[in-house]
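Asks: Below: one structure in structure tokens.
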Amino acid sequence: MKSFFRRHPLLLDALLWAIPAFLFGAALRLMLLHYSPYAYWGSDSRSYFGFANGVLNDFYFSLSEKRRYLYPIFLLPVAMLPGPPLRSLAWIQAAIGLCTIPVFAYSVRRIFVTWKILIIPLTTLFAGLPVFIWHEHELIGDTFLLNGLVWCVAGWAAWTSQPDPSRARRLWWLFFAAFSFIVLSKPSVKFFWPGLLAALVFIGAWRVMRWRHWVALGALFLAGLTVGDDDQGAWLIYNSTFPLTQLNSPLHAEVKAELAGWVLAKRARIDSYAKEDYEVQKYLRAPENEPSRPRLQALAKDKGDLSRVYRDLAVEGILAEPLSYLSIGLHRMLESCNPSDLSLWRFQADYCSSRLGEAIAAGKYPEEILRLALGIPRAAPFPSQEELNARMNPYPDSIPARWLPTYVKAYQAAGALVNRPDSEPCLLSGYRPSFLGWWFLLGCVLALLPPYFRTVGVWVLLLSTGLFATYLVGVMHVRYFAPAWPVVLLALAVLIDAPWRAVLRHWKRLP
């Protein structure tokens with residue numbers, strides 16, 4: 001062990017200096033597990049847990065296109081552990097989050113000259129990110145993306161900062177392993193590929209990478225194309241462009257006639273559409289349930305035909321009004337980038353049990369899959385709401401149950417990047433960066449300059465383009481912006497590190 005750390009002194013520094021943040025992050029996660037010992041079962045959980053349910057209840061092996069690959073497979077051994085899978089999952093994902101803290105510390109140690117000043121504050125802020133803590137507590141694949149991306153940043157910093165090309169080529173595989181992890185977990189990572197390829201060009205990666213590296217990237221790209229559901233993408237992109245439907249063109253005129261009144265109403269409030277599209281997305285997902293629009297109801301019998309119509313209408317709207325389309329995506333991002341966009345109710349003691357109880361009362365999920373997730377034997381009676389509360393919310397009035405929401409509220413208030421307009425409609429001109437937002441923007445500008453560009457700057461560009469593309473297709477949601485927070489923290493640190501680096505260079509303490 002001593003010999004290993006003599007060869008890797010930066011890794012040893014990262015492990016030692018991450019201890020305060022590790023303890024802080026562990027305390028926060030233990031508080032949440034104390035009063036909420038079961039992972040949250042949300043609206044997406046059934047589709048992720050379907051593979052484990054199929055194997056264990058019916059011995060049927062099937063991965064849906066929408067939820068390939070790693071997270072549903074990961075849930076199978078979790079479901080085979082003793083006790084309720086939701087309880088085991090909450091502990092396992094919290095442990096994964098804690099293991100990511102030293103990895104983030106390594107990035108700070110590798111990138112910054114002033115790392116001794118920055119590493120404890122930055123890692124502590126990272127360890128206490130409410131959005132990370134919450135998604136580690138939920139049955140959803142986003143926790144793999146959030147933590148996996150931190151490993152990607154660290155792996156990238158390791159190989160791009162290595163002056164020895166042969167050693168850099170070996171370290172590149174660490175980055176590739178982490179990037180493969182997220183590519184095979186979430187379909188939204190497809191949007192990161194253009195930024196990644198551009199980054200490889202900007203840093204002159206061909207001087208280091210060999211043919212086997214490019215072949216591995218190409219194989220991963222092809223494998224990533226199989227992750228995600230085309231029908232899902234079709235209705236999502238048409239939902240994004242719904243107010244832009246070109247009603248006067250002949251393309252799918254019968255469909256447009258059925259939607260004309262609704263389109264005009266949404267177009268009249270297009271500056272608020274990002275926050276008011278829920279009823280549209282709900283309808284577009286299942287138009288077969290609406291008899292007042294018979295043409296779309298008939299199309300819904302063949303998902304392929306319906307998706308083709310959605311894509312045609314979306315592309316036509318984008319080509320006709322590209323600036324409006326970009327505006328909708330930007331609105332969504334600006335409405336999702338503050339920590340307070342994660343509902344504080346999620347950290348209340350009764351959130352998991354009450355939301356699950358509401359779903360059970362509405363008959364939203366089959367009893368079979370819930371029995372497996374909650375660890376209830378088939379022969380036992382299904383628990384009442386009171387019994388669920390006792391299991392999932394055992395200490396509603398405990399000190400951790402009162403303190404953790406208070407902490408989250410304070411963190412969210414201090415971490416706002418954007419000040420938003422109170423008036424309607426919400427014009428883009430009404431949004432203003434907060435003090436922290438200006439700090440972040442200036443840090444991003446400096447990150448695009450040497451020597452930070454090869455590390456922080458690359459990820460600023462990659463995530464800004466990738467996440468914006470996600471909001472152009474997806475709905476407004478805080479978890480889509482969540483992967484950016486580790487890079488936000490690094491960009492904030494650039495503004496502190498850059499002046500001191502300039503001083504050291506002036507005094508010839510740095511090359």
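The values are calculated or read from the model by the stated rules, or taken from the named source; none is laboratory data. On a predicted model such as this, the values are computed, not experimentally measured, just so you know. Glycine also receives a Cβ, built like all others from the backbone with ideal geometry; neighbour counts cover every protein chain displayed.
Asks: In contact with a strand residue (DSSP E or B) (Cβ under 7 Å, 6 or more places away or on another chain), under 23 Å from Leu427 (Cβ atoms) and touching a residue at least 60 places away in the same chain (Cβ under 8 Å): which single residue out of Cys337, Cys352 fits that description? Outline the logic, then answer.
Replies: Values: Cys352 fails: under 23 Å from Leu427 (Cβ atoms).
Cys337 is the lone residue from the list that is in contact with a strand residue (DSSP E or B) (Cβ under 7 Å, 6 or more places away or on another chain), under 23 Å from Leu427 (Cβ atoms) and touching a residue at least 60 places away in the same chain (Cβ under 8 Å).
Asks: Being closer than 20 Å to Tyr35 by Cβ and part of a helix (DSSP H, G or I) is the filter here, so list the residues in the stretch 362-393 that pass it.
Replies: The answer is Ala373, Leu374, Gln385, Glu386, Glu387, Leu388, Asn389, Ala390, Arg391, Met392.
Asks: Which residues, counting only those in the stretch 159-212, are hydroxyl-bearing (Ser, Thr, Tyr) and surrounded by 18 or more Cβ atoms within 10 Å (Cβ to Cβ)?
Replies: The answer is Thr160, Ser180, Ser185, Ser188.
Asks: Need at least 1 residues that are more than 18 Å from Ser107 (Cβ to Cβ) and among the hydroxyl-bearing types (Ser, Thr, Tyr) per element, so show me which helices (runs of 4 or more DSSP H) inside the stretch 128-187 make the cut, counting only ones lying wholly within it.
Replies: Filter on the stretch 128-187 gives 142-160, 165-183.
Asks: Go through the stretch 410-430 residue by residue and tally those that are farther than 20 Å from Pro130 by Cβ and either modelled with pLDDT of 95 or more or of a type in the set (S, T, N, Q) (or both). Explain how you work it out, then say what you get.
Replies: Step one: of the stretch 410-430, the residues farther than 20 Å from Pro130 by Cβ are 421-430.
Applying the additional criterion that residues be either modelled with pLDDT of 95 or more or of a type in the set (S, T, N, Q) (or both) yields 423, 429.
Number of matching residues: 2.
Asks: Restricting attention to the stretch 210-261, report how many residues are among the aromatic types (Phe, Trp, Tyr) and farther than 21 Å from Met476 by Cα. Walk me through how you get there before you give the answer.
Replies: Step one: of the stretch 210-261, the residues among the aromatic types (Phe, Trp, Tyr) are 211, 214, 221, 235, 238, 242.
Filter once more, keeping what is farther than 21 Å from Met476 by Cα: 211, 214, 221.
Matching residues across the stretch 210-261 total 3.
Asks: In the stretch 30-40, what count of residues is obtained for those that are buried (at least 24 other Cβ atoms within 10 Å of the Cβ) and touching an Asp or Glu at 6+ places or on another chain (Cβ under 8 Å)?
Replies: 1
Asks: Please verify whether the stretch 275-286 includes one or more residues that are outside the structural domain of Met31 (by TED's automatic domain parsing), under 28 Å from Ala416 (Cα atoms), crowded, with 20+ Cβ neighbours inside 10 Å and in contact (Cβ under 8 Å) with a residue 40 or more places away in the chain.
Replies: Among the residues of the stretch 275-286, at least one is outside the structural domain of Met31 (by TED's automatic domain parsing), under 28 Å from Ala416 (Cα atoms), crowded, with 20+ Cβ neighbours inside 10 Å and in contact (Cβ under 8 Å) with a residue 40 or more places away in the chain, which makes the answer yes.
Asks: I've got another one for you. What number of residues within the stretch 91-116 are more than 20 Å from the chain's Cα centre (by Cα), surrounded by 23 or more Cβ atoms within 10 Å (Cβ to Cβ) and in a helix (DSSP H, G or I)?
Replies: Summing the residues that are more than 20 Å from the chain's Cα centre (by Cα), surrounded by 23 or more Cβ atoms within 10 Å (Cβ to Cβ) and in a helix (DSSP H, G or I) in the stretch 91-116 gives 5.
Asks: Name, by its number, the condition in (1) out of contact with any Ser or Thr (no Cβ under 6 Å at 6 or more places or on another chain); (2) in contact (Cβ under 8 Å) with a residue 40 or more places away in the chain that does not hold for Phe191.
Replies: It is condition (1) that Phe191 fails.
Asks: Let me ask something additional. Just give me the residues in the stretch 262-274 being in contact with a Cys (Cβ under 9 Å, 6 or more places away or on another chain) and loosely packed, with under 15 Cβ neighbours inside 10 Å, in sequence order.
Replies: Restricting attention to the stretch 262-274, the residues satisfying the condition of being in contact with a Cys (Cβ under 9 Å, 6 or more places away or on another chain) are 271-272, 274.
Matches in the stretch 262-274: none.
Asks: Within the stretch 59-82, does at least one residue satisfy the condition of being touching a Ser or Thr at 6+ places or on another chain (Cβ under 7 Å), in a helix (DSSP H, G or I), at pLDDT below 95 and over 20 Å from Ile182 (Cα atoms)?
Replies: no
Rundown of residues vs (1) under 30 Å from Ser343 (Cβ atoms); (2) at pLDDT 95 or above; (3) not basic (Lys, Arg); (4) not assigned by TED's automatic domain parsing to the domain that holds Val488, yes/no style:
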position: Leu118; (1), (2), (3), (4): no, yes, yes, yes
position: Phe132; (1), (2), (3), (4): yes, yes, yes, yes
position: Cys152; (1), (2), (3), (4): yes, yes, yes, yes
position: Gln162; (1), (2), (3), (4): no, no, yes, yes
position: Pro165; (1), (2), (3), (4): no, no, yes, yes
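Asks: While we're on this one: Mind checking which pairs have a first residue in the stretch 57-79 that is under 15 Å from Ala39 (Cα atoms) and acidic (Asp, Glu) and a second that is at pLDDT 85 or above and not in a helix (DSSP H, G or I), Cβ under 8 Å, 6 or more apart or different chains?
Replies: Hits for this filter: zero, empty list.
Asks: For the structure I just gave you, tell me whether Gly218 is outside the structural domain of Pro294 (by TED's automatic domain parsing), modelled with pLDDT of 95 or more and under 26 Å from Ser64 (Cβ atoms).
Replies: Spelling it out, Gly218 is indeed outside the structural domain of Pro294 (by TED's automatic domain parsing), modelled with pLDDT of 95 or more and under 26 Å from Ser64 (Cβ atoms).
Conditions (1) outside any helix (DSSP H, G or I); (2) crowded, with 19+ Cβ neighbours inside 10 Å; (3) not β-branched (Val, Ile, Thr), marked per residue:
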residue	(1), (2), (3)
Val460	no, yes, no
Gly466	no, yes, yes
Phe481	no, yes, yes
Pro486	no, yes, yes
Leu489	no, yes, yes
Ala493	no, yes, yes
Val503	no, no, no
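Asks: Can you name the condition, by its number, that Arg67 falls short on among (1) crowded, with 20+ Cβ neighbours inside 10 Å; (2) more than 21 Å from the chain's Cα centre (by Cα)?
Replies: Result: Arg67 passes all but (2).
Asks: A further question follows. So which of Gly42, Gly50 is within 23 Å of Glu136 (Cα to Cα), in contact (Cβ under 8 Å) with a residue 12 or more places away in the chain, part of a helix (DSSP H, G or I) and of a type in the set (Gly, Ala, Ser)?
Replies: Only one candidate passes the filter, namely Gly50.
Asks: What number goes with the only condition from (1) exposed (fewer than 15 other Cβ atoms within 10 Å of the Cβ); (2) part of a helix (DSSP H, G or I) that Gln412 does not pass?
Replies: Exception for Gln412: condition (1).
Asks: Checking the structure you have, find out if any residue of the stretch 197-212 is under 30 Å from Leu63 (Cα atoms) and in a helix (DSSP H, G or I).
Replies: yes
Asks: Looking at (1) under 23 Å from the mean Cα position of the chain (by Cα); (2) closer than 30 Å to Lys116 by Cβ; (3) modelled with pLDDT under 95, which is the one condition that is false for Pro9?
Replies: All conditions are met except number (1).
Asks: Continuing with this model, one more query. Tally the residues that are in a helix (DSSP H, G or I) and surrounded by fewer than 24 Cβ atoms within 10 Å (Cβ to Cβ), restricting the search to the stretch 444-454.
Replies: Narrowing the stretch 444-454 to residues in a helix (DSSP H, G or I): 444-447, 453-454.
Narrowing further to those that are surrounded by fewer than 24 Cβ atoms within 10 Å (Cβ to Cβ): 444-446, 453-454.
Qualifying residue count, the stretch 444-454: 5.
Asks: Still on this model: Looking at (1) in contact with a helix residue (DSSP H, G or I) (Cβ under 8 Å, 6 or more places away or on another chain); (2) closer than 30 Å to Ala234 by Cα; (3) not acidic (Asp, Glu), which is the one condition that is false for Leu197?
Replies: (1)
Asks: Here's another thing I want to ask about it. If a residue has to be more than 19 Å from Trp134 (Cβ to Cβ), surrounded by fewer than 14 Cβ atoms within 10 Å (Cβ to Cβ) and either of a type outside the set (A, V, I, L, M, F, W, C) or in contact with an Asp or Glu (Cβ under 9 Å, 6 or more places away or on another chain) (or both) to count, how many in the stretch 386-409 make the cut?
Replies: Adding up the residues that qualify gives 3.
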